Amino acid sequence: MTTSADTHCPYCALQCAMTLKSPAALTPAVQPGSDPVPAPPAPNVPAAAVDAGGAAAAPVLEVSGRDFPTNRGGLCRKGWTSASLLSHPGRVTEPMLKGSDGVHRPVSWDEALKLITAAVKDTRARYGADAIGVFGGGGLTNEKAYQLGKFARLALGTSRIDYNGRFCMSSAAAAGMRAFGVDRGLPFPLEDLDGTSTILMLGSNVAETMPPFVQHLQGARDAGGLIVVDPRRSATAAFTSDGGGLHLQPLPGTDLTLLLGLSHVVIHEGLADTEFIQARTSGFEALARSVNAFWPERVQSLTGVPADLIRETARRLAHGATKGGSYILTGRGVEQHVDGTDTATAAINLSLLLGLPGSARSGYGTLTGQGNGQGGREHGQKADQLPGYRKITDPAARAHMAKVWGVPESLIPGPGLPAVQLLKSLGQPDGVRCLFVHASNIAVASPDANAVIDGLRSLDFLVVCDFFVSETAAEADLILPVLQWAEEEGTLTNLEGRVLRRRRALQPPAGARSELWIMARLAEALEAPSTYSEDPETVFEELRLASAGGLADYSGISYAMLDRGEAAYWPYPVGSSGTPRLFLDGFAHADGKAVMTPVAPRRRRTPAENPDPGAKTMTLITGRLLEHYQSGAQTRRVSELLASQPEAKMQIHPAAAASMGITDGSFVSVANERGEVVCRAELSTAIRPETVFLPFHFPELGSANRLTEAATDPISGMPEFKFNKVWVRVAANGPQHSVLQTSEAS
Amino acid sequence: MSEQIVIVGFGPVAARLIDELLPAVRSGLAHLTVIGEEPDAAYNRVLVADLGVGRTTASALALSDAAALIADGVDVRLGVRVRRVDRARQQVVLTDGTKPHYDRLVFATGSRPVIPNLTGLNPDPAHPVLPAGVTALRDLRDAEVLRQAVAGGKRVVVLGGGVLGLETALAAAEEGATVTVVHNGPHPLGRNIDRGGGAVLAAGMRNCGVRMAGNARSTGVEHNAPDGGFSALLLDDGSAIDGDLLVLSCGVRPRVELAEGCGLSTATGILVDHKLRAHHEPHIFAIGDCAEVRCPDPSCSDCRAARGPSGLVGPGWRQAEWLAEYLTLLAEGSVDGSSDSSPTGDSVDAAESLPELPMEKPGVVVLKARGMNMAVAGDNAAEPWDEEVLTAGAVNGRPRLQIAQWADPEHGRYVKMTTRGGVLEGLVAVGMPRTAAELVSLFERGDELPADRSLLLRLDGPDQLAAAGNSDPERTVCRCAGVTGTKIQDAVVDGCSTVAEVSGATRAGTGCGGCHSDIKDIIEKHFQAAAAA
């Protein structure tokens, strides 16, 4: 019998709608597991065929695109091949304990939970509760993200919780909060872009990162108004050719200056929307003074973008604002910097000068990256936040949460440490000694990854929840097998702030457990205050109450409503019909006005001297490939994707390569004071001659984050991923590449 | 007690210094007095020409807000001049009779326009009173004079072929004025640009509707206008250039009288060392146009090669940022020092160990104009075949100069790259915006140029935009699903005749849909070939 489930893709924040079908011929495999499946079994749901010892079984589910306003039935290669991981032979299906010989061996859940309980109690007794850390992820469902924050603060009693969204959305979130009083990635439905004539995209390569998004750029391309800012001629930037628009190719690290130049032109050429500025913003005079020093020719000298292109871009945006609509969108390329918050602020300032936000056909937005990068940053996974996007330092917010949780307010810890600081504290005196990692592969995805791996190895106890032995899980004392997306129920919030249902299409392997179940059992063993459910809907009902009255208010949303197909954009207080478009009537500050904050480039730290006379100092930028997602822990295990992009390649301009004797496909060493990457070179005129590009999806000698610096933005805590100095030279020999962990191959 | 800092001058460089010192003022570490002789707080002088042709507004030029500074506790005195500086008492004597005390005094007095020695002009450099119809272009009042002439469609004569003169001329011409530029030498921008670039630049100016009067020596001005104002500029060959407004754009001269008056050493500007301190006077500093970095040490190699003040605002701003950090550290030191712990606080050491500001490279001049693009920098006079010049500096293993050049006067394009060891020492780029932007950025970073210099010329070519390799059948047609042309071709051969069928068979076109027209092309080509066969 055929079953099907309407759900969404497991990967990025576009959350493409898809249908999962189990082919009629497929019979559920017999599970060798021990415990019964904890969640109520769905009789018509087949189980994944997991063959622990042999080759990959055929996908147990058929994936097809489903019509939905965001993806309109389209999927990218990652989505199409996503089901192949359900039956992957490397799947972890039992808790695995690392022995003294360093080898992971199966243990029972009972034993695993006992070990964790003992480790937590021992750590708390010896070092205090803040010696326990929790590292979450933007891929967790709303229910898991919410309960993880609660579990950390009440059951573990620690303030030390943060998540990988700190590496992703924190700068744009901080800038949005500062300017608008609220942060929802896109404060409008994605379809609004379709009819617009002008879109300025800064530091976002959607053609590779979320391909079905590209449909929404077509209107602007047809109108010749797609303007892409990227140091590379990326696949997205290439859409601007043949009359599609403009490509601005600034030097890495100069986006902020470029934006100040655009604002300068808007003010000096009288293109600003003075009526809007007067009525709906504050801070204009100081902003105007601050951009005064950035006239186009000066900006040209600082950024490499010709003055006339700067003027043309400003005029085009202003023209669009009065006719057809203008949107400004930012991505990680401009946000993942030590001045990322200020850069996103500069983009918002530009949009406010033009009167874009709060209009029904223009706006500013940031493109959230991870699957639940939006919902994951709203409900208490962040070191400084409580559910509903509340500040943990706000007495009213604390009182509200204490009431919902039924605990005294004093039991809720204060603010913890943002991700980079949290990871720096691993194994340090007064730092974290026992760490829980969820939905995150920090050994590959964190800046200065070598230092992070050292930190992981210095812990007393490391628990990693994953369904594969990721590079982080390989370091764990205990690996807990958890569910994949097609095996669970829940909700996610996409890049538009729309809450979506994830539905189960398949029974999980017998030994795997939902993180909700794990938290509930541990809370029980730790005799934690308040309640912890293993049922997603019950947790969502609690999340509704917790978020009520907060900025991200979900209180009017229910599973039943989502199952009926209703579009639910937050804030969605009880009794309302949600908010597809924010700011139409006012911004979320007390006076209803948006705040313009003057920003300026800061001097950067002088990088270490290149000690290698044979190497050339160049600028490294990092980013994504279409075939891979995040650290690649999942996509490197999809044979079709791996075959297409099997290893890290350093993109370099042929002119730069020629001067260094680098040829296409030859091995290069890319190093700095933090580490070294050895990989093949890929020659391309799409990159600027002083810059090289590395994708960050690969481990070991291909791990770009061995080179990135753990310096952070003073406001958001975002690390510097996109502007690092490296020393590049020809490498004598390539690495013995093993893209997957050796532990798994054995 | 907080450190008393007095800044003389309130132009763009002073404004930056004030902004950078604000944290120290707010924390009570420093007390700041700013003295500006104009009635307005600092504004962006660089854009005065734009204001003069009505392209921007006076309010948009503001760099500082006096009221906001006063609210922050800064003592702002506008419309007041400094009569003299009393170094013995560490006092500044003002025209209003007050005498603020200073612990640290910063000269940011800037420069004033050079008034040429012409009959009919008052040449007193300290108090230039210009006759009606003649103006310099330095402050807001000057801009207003120009604005009225341009708005009235008058004839404007610009005297001087420097960058400010050219910018003014281009902007005024574009806004409807009739403009003539009168300059020395065969081409404009004579001090900055080589012969080839100058010629292409002059031609470009003419194309923009500006009359260029080169090789001209002016001798006097004629006042025959009905109001007794300017009517013509007289040249030494006996000819005259008629006009309604004469704009003097003959360069600037640092304002050093005050410094000279209190006995400080000056050359072109006020002489300061690498910490921007006046020679032998640790309490007094100078930054911006009025300062000349040349330390007292005669063996300092940096200073031997130094030129005078650049007249550009960028170096001044960098000096302001550096000096603010230094003064803040000094203030922290004096606060520490006044406590009983240690007479020399750590902050004094911190101040002295602050790395000195690196010497500025020769300035980059970028023409601010619409429709014309030009950037020049460094020494670019040498021509590709000047063997003597090219080898002159090549001693002690230092490589010789190399010149790469591209001249296309017909299309208004000219590029020269003067390199030593692959690194730019000078550049000229006219009519090639991308190339200019790249060269300037390479020049400022001191990075090596690609060995194939023509790469830099191609940046402005239309071929940069075209996609490459469209005809390769192994090319990926659908990026989203990773499907090559060959695979689609195979699907079509196997019977798919619509995009939807190809999508069903190969997944091509199932992501963003951007390749649908490419798929259609492959289908059509296949069936056309089949029909032909």
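The values are calculated or read from the model by the stated rules, or taken from the named source; none is laboratory data. Since the model is a prediction, treat every value here as computed from it, not as a measurement. Here Cβ is always computed from backbone atoms with ideal geometry, including for glycine, and neighbour counts include all displayed protein chains.
Applying the selection to region B:33-42, what residues are of a type in the set (A, V, I, L, M) and either touching a Pro at 6+ places or on another chain (Cβ under 6 Å) or farther than 19 Å from residue B:83 by Cα (or both)? Reasoning before the result, please.
As a first pass, look at region B:33-42 and keep what is of a type in the set (A, V, I, L, M): B:34-35, B:41-42.
Within region B:33-42, B:41, B:42 qualify.
Under 7 Å between Cβ atoms, which residue pairs at least 6 apart in sequence (or on different chains) link something in region B:372-383 that is crowded, with 19+ Cβ neighbours inside 10 Å with a partner that is charged (D, E, K, R)?
These pairs meet every condition: B:373/A:308; B:380/B:194; B:380/B:416.
Does residue B:264 qualify as being modelled with pLDDT of 95 or more, in a loop (DSSP other than H, G, I, E, B) and touching an Asp or Glu at 6+ places or on another chain (Cβ under 9 Å)?
Details: modelled with pLDDT of 95 or more: yes; in a loop (DSSP other than H, G, I, E, B): yes; touching an Asp or Glu at 6+ places or on another chain (Cβ under 9 Å): yes.
For residue B:264, the condition - modelled with pLDDT of 95 or more, in a loop (DSSP other than H, G, I, E, B) and touching an Asp or Glu at 6+ places or on another chain (Cβ under 9 Å) - is met.
For the structure I just gave you, tell me whether residue B:382 is away from chain A (no Cβ under 14 Å) and at pLDDT 90 or above.
Working: away from chain A (no Cβ under 14 Å): yes; at pLDDT 90 or above: yes.
Yes; evaluated as a whole, the condition is true for this residue.
What are the residues in region A:617-632 that are over 12 Å from the mean Cα position of the chain (by Cα), in a loop (DSSP other than H, G, I, E, B) and surrounded by 24 or more Cβ atoms within 10 Å (Cβ to Cβ), if any?
Once the filter is applied, which keeps residues that are over 12 Å from the mean Cα position of the chain (by Cα), in a loop (DSSP other than H, G, I, E, B) and surrounded by 24 or more Cβ atoms within 10 Å (Cβ to Cβ), region A:617-632 yields A:626, A:627, A:628, A:632.
Can you name the residue in region A:68-96 that is under 21 Å from the mean Cα position of the chain (by Cα) and part of a loop (DSSP other than H, G, I, E, B) and is also nearest to the other protein chains (Cβ to nearest Cβ) among such residues?
A:76
Kindly indicate whether any position in region A:327-344 is within 14 Å of chain B (Cβ to nearest Cβ) and crowded, with 24+ Cβ neighbours inside 10 Å.
So the first thing to find is which residues in region A:327-344 are within 14 Å of chain B (Cβ to nearest Cβ), and the list is none.
Among the residues of region A:327-344, not one is within 14 Å of chain B (Cβ to nearest Cβ) and crowded, with 24+ Cβ neighbours inside 10 Å, which makes the answer no.
Would you confirm whether any residue within region B:52-63 is under 27 Å from residue B:311 (Cα atoms), in contact with a Gly (Cβ under 7 Å, 6 or more places away or on another chain) and modelled with pLDDT under 95? Give the steps one after another, and end with the answer.
Applying the first criterion (under 27 Å from residue B:311 (Cα atoms)) to region B:52-63 yields B:52-63.
Okay, now just the ones that are also in contact with a Gly (Cβ under 7 Å, 6 or more places away or on another chain), so none.
Looking for residues that are under 27 Å from residue B:311 (Cα atoms), in contact with a Gly (Cβ under 7 Å, 6 or more places away or on another chain) and modelled with pLDDT under 95, one finds none in region B:52-63, hence no.
Only one of (1) surrounded by fewer than 18 Cβ atoms within 10 Å (Cβ to Cβ); (2) touching an Asp or Glu at 6+ places or on another chain (Cβ under 7 Å); (3) not β-branched (Val, Ile, Thr) is not met by residue B:144, so which one is it?
Among (1) surrounded by fewer than 18 Cβ atoms within 10 Å (Cβ to Cβ); (2) touching an Asp or Glu at 6+ places or on another chain (Cβ under 7 Å); (3) not β-branched (Val, Ile, Thr), residue B:144 violates only (2).
Which members of region A:267-282 meet the condition of being farther than 21 Å from residue A:176 by Cα and either facing chain B (nearest Cβ under 10 Å) or in a loop (DSSP other than H, G, I, E, B) (or both)? Step through it out loud before you land on a result.
Of all residues in region A:267-282, those farther than 21 Å from residue A:176 by Cα come to A:267-271, A:274-275.
Hits for region A:267-282 are A:267, A:268, A:269, A:270, A:271.
Quick one: would you say residue B:474 is modelled with pLDDT of 80 or more and either surrounded by 12 or more Cβ atoms within 10 Å (Cβ to Cβ) or closer than 30 Å to residue A:627 by Cα (or both)?
Working: modelled with pLDDT of 80 or more: no; either surrounded by 12 or more Cβ atoms within 10 Å (Cβ to Cβ) or closer than 30 Å to residue A:627 by Cα (or both): yes.
So residue B:474 does not fit the description; no.
Take residue B:81 and decide whether it is surrounded by fewer than 15 Cβ atoms within 10 Å (Cβ to Cβ), touching a residue at least 12 places away in the same chain (Cβ under 8 Å) and closer than 30 Å to residue B:168 by Cβ. Walk me through it before giving the result.
Working: surrounded by fewer than 15 Cβ atoms within 10 Å (Cβ to Cβ): yes; touching a residue at least 12 places away in the same chain (Cβ under 8 Å): yes; closer than 30 Å to residue B:168 by Cβ: yes.
When the stated conditions are applied, residue B:81 passes them.
List the strands (runs of 3 or more DSSP E) inside region B:169-233, counting only whole elements, that have at least 2 residues being within 21 Å of the chain's Cα centre (by Cα) and basic (Lys, Arg). Explain how you work it out, then say what you get.
Details: elements: B:178-182, B:211-213, B:218-222.
Strands (runs of 3 or more DSSP E) meeting the threshold: none at all.
Considering region B:435-447 alone, what residues qualify as being at the interface with chain A (Cβ under 7 Å from one of its Cβ atoms) and over 17 Å from the mean Cα position of the chain (by Cα)?
B:447
Among the candidates B:27, B:2, single out the residue that is surrounded by fewer than 18 Cβ atoms within 10 Å (Cβ to Cβ), over 26 Å from residue B:252 (Cβ atoms) and in contact with a Leu (Cβ under 7 Å, 6 or more places away or on another chain).
On the way: B:27 fails: in contact with a Leu (Cβ under 7 Å, 6 or more places away or on another chain).
Only one candidate passes the filter, namely B:2.
Regarding residue A:299, is this residue under 28 Å from residue A:618 (Cα atoms), of a type outside the set (Asp, Glu), within 11 Å of chain B (Cβ to nearest Cβ) and in a helix (DSSP H, G or I)? Give the steps one after another, and end with the answer.
Working: under 28 Å from residue A:618 (Cα atoms): yes; of a type outside the set (Asp, Glu): yes; within 11 Å of chain B (Cβ to nearest Cβ): yes; in a helix (DSSP H, G or I): yes.
For residue A:299, the condition - under 28 Å from residue A:618 (Cα atoms), of a type outside the set (Asp, Glu), within 11 Å of chain B (Cβ to nearest Cβ) and in a helix (DSSP H, G or I) - is met.
Is there a residue in region A:216-225 that is more than 14 Å from chain B (Cβ to nearest Cβ) and touching a Lys or Arg at 6+ places or on another chain (Cβ under 7 Å)?
Looking only at region A:216-225, we keep the residues that are more than 14 Å from chain B (Cβ to nearest Cβ), and these are A:223, A:225.
Imposing the further condition that a residue be touching a Lys or Arg at 6+ places or on another chain (Cβ under 7 Å) reduces the set to A:225.
There is at least one residue in region A:216-225 that is more than 14 Å from chain B (Cβ to nearest Cβ) and touching a Lys or Arg at 6+ places or on another chain (Cβ under 7 Å).
Are there any strands (runs of 3 or more DSSP E) wholly within region A:635-713 with 3 or more residues that are more than 14 Å from chain B (Cβ to nearest Cβ) and under 20 Å from the mean Cα position of the chain (by Cα), and if so which? It would help to see each step written out before you state the result.
Working: elements: A:649-652, A:667-672, A:675-683, A:691-695, A:709-712.
Qualifying strands (runs of 3 or more DSSP E): A:691-695, A:709-712.
Run down A:676, A:640, A:682 and say which single residue is touching a residue at least 12 places away in the same chain (Cβ under 8 Å), within 30 Å of residue A:140 (Cα to Cα) and surrounded by fewer than 21 Cβ atoms within 10 Å (Cβ to Cβ).
On the way: A:676 fails: within 30 Å of residue A:140 (Cα to Cα); A:682 fails: within 30 Å of residue A:140 (Cα to Cα).
After ruling out the rest, the residue left standing is A:640.
Within the bounds of region B:406-426, is there any residue that is within 12 Å of another protein chain (Cβ to nearest Cβ) and touching an Asp or Glu at 6+ places or on another chain (Cβ under 8 Å)? Talk me through it step by step, then tell me what you get.
In the first step, residues of region B:406-426 are kept if they are within 12 Å of another protein chain (Cβ to nearest Cβ); the result is B:422.
Cutting the leftovers down to touching an Asp or Glu at 6+ places or on another chain (Cβ under 8 Å) gives us B:422.
Checked against the condition, which is being within 12 Å of another protein chain (Cβ to nearest Cβ) and touching an Asp or Glu at 6+ places or on another chain (Cβ under 8 Å), region B:406-426 yields at least one hit.
Listed here are the residues, each with its yes/no results for (1) within 9 Å of another protein chain (Cβ to nearest Cβ); (2) within 30 Å of residue B:3 (Cα to Cα); (3) among the aliphatic types (A, V, I, L, M); (4) out of contact with any helix residue (DSSP H, G or I) (no Cβ under 8 Å at 6 or more places or on another chain).
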residue	(1), (2), (3), (4)
B:24	no, yes, yes, no
B:27	no, yes, no, yes
B:43	yes, yes, no, no
B:54	no, no, no, no
B:58	no, no, yes, no
B:67	no, yes, yes, yes
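Does region A:605-615 contain any residue that is among the polar types (S, T, N, Q) and modelled with pLDDT under 90?
Keep residues of region A:605-615 that are among the polar types (S, T, N, Q), which gives A:606, A:610.
Pick out the ones that are also modelled with pLDDT under 90 and you get A:606.
Yes - at least one qualifying residue is present in region A:605-615.
Please find, within region A:158-179, the residue that is nearest to the other protein chains (Cβ to nearest Cβ) out of those that are farther than 17 Å from residue A:369 by Cβ and buried (at least 23 other Cβ atoms within 10 Å of the Cβ).
We begin by selecting, within region A:158-179, every residue farther than 17 Å from residue A:369 by Cβ; these are A:158-161, A:177-179.
Among the residues that remain, those that are also buried (at least 23 other Cβ atoms within 10 Å of the Cβ) are: A:158, A:160-161, A:179.
Numbers: A:158: 35, A:160: 31, A:161: 33, A:179: 20 Å.
Ranking the qualifying residues of region A:158-179, first place goes to A:179.
Being within 14 Å of another protein chain (Cβ to nearest Cβ) and part of a helix (DSSP H, G or I) is the filter here; which residues of region B:488-518 pass it? Working first, answer last.
Going through region B:488-518, the residues within 14 Å of another protein chain (Cβ to nearest Cβ) turn out to be B:499-500, B:503-518.
If the condition is that a residue be within 14 Å of another protein chain (Cβ to nearest Cβ) and part of a helix (DSSP H, G or I), then B:499, B:500, B:503, B:504, B:505, B:506, B:516, B:517, B:518 are the ones that fit.
Please go through region A:588-616 and pick out each residue that is among the small types (Gly, Ala, Ser) and outside any loop (DSSP other than H, G, I, E, B). Full working, then the answer.
Applying the first criterion (among the small types (Gly, Ala, Ser)) to region A:588-616 yields A:588, A:590, A:592, A:594, A:600, A:608, A:614-615.
The one that is among the small types (Gly, Ala, Ser) and outside any loop (DSSP other than H, G, I, E, B): A:594.
Can you report the number of residues in region A:180-200 which are within 14 Å of chain B (Cβ to nearest Cβ) and out of contact with any Asp or Glu (no Cβ under 6 Å at 6 or more places or on another chain)? Even if it seems obvious, please write down each step before you answer.
The first filter runs over region A:180-200 and keeps only residues within 14 Å of chain B (Cβ to nearest Cβ), leaving A:190, A:193-194.
Filter again for out of contact with any Asp or Glu (no Cβ under 6 Å at 6 or more places or on another chain), leaving A:193-194.
The total comes to 2.
When you scan region B:91-110, do you find a residue that is within 11 Å of chain A (Cβ to nearest Cβ) and buried (at least 23 other Cβ atoms within 10 Å of the Cβ), even just one? It would help to see each step written out before you state the result.
Within region B:91-110, the first condition is being within 11 Å of chain A (Cβ to nearest Cβ), and the residues that meet it are none.
Within region B:91-110, not a single residue is within 11 Å of chain A (Cβ to nearest Cβ) and buried (at least 23 other Cβ atoms within 10 Å of the Cβ).
Please find, among A:126, A:153, the residue that is surrounded by 23 or more Cβ atoms within 10 Å (Cβ to Cβ) and out of contact with any His (no Cβ under 6 Å at 6 or more places or on another chain). Full working, then the answer.
Working: A:126 fails: surrounded by 23 or more Cβ atoms within 10 Å (Cβ to Cβ).
Within the list A:126, A:153, the selection yields A:153.
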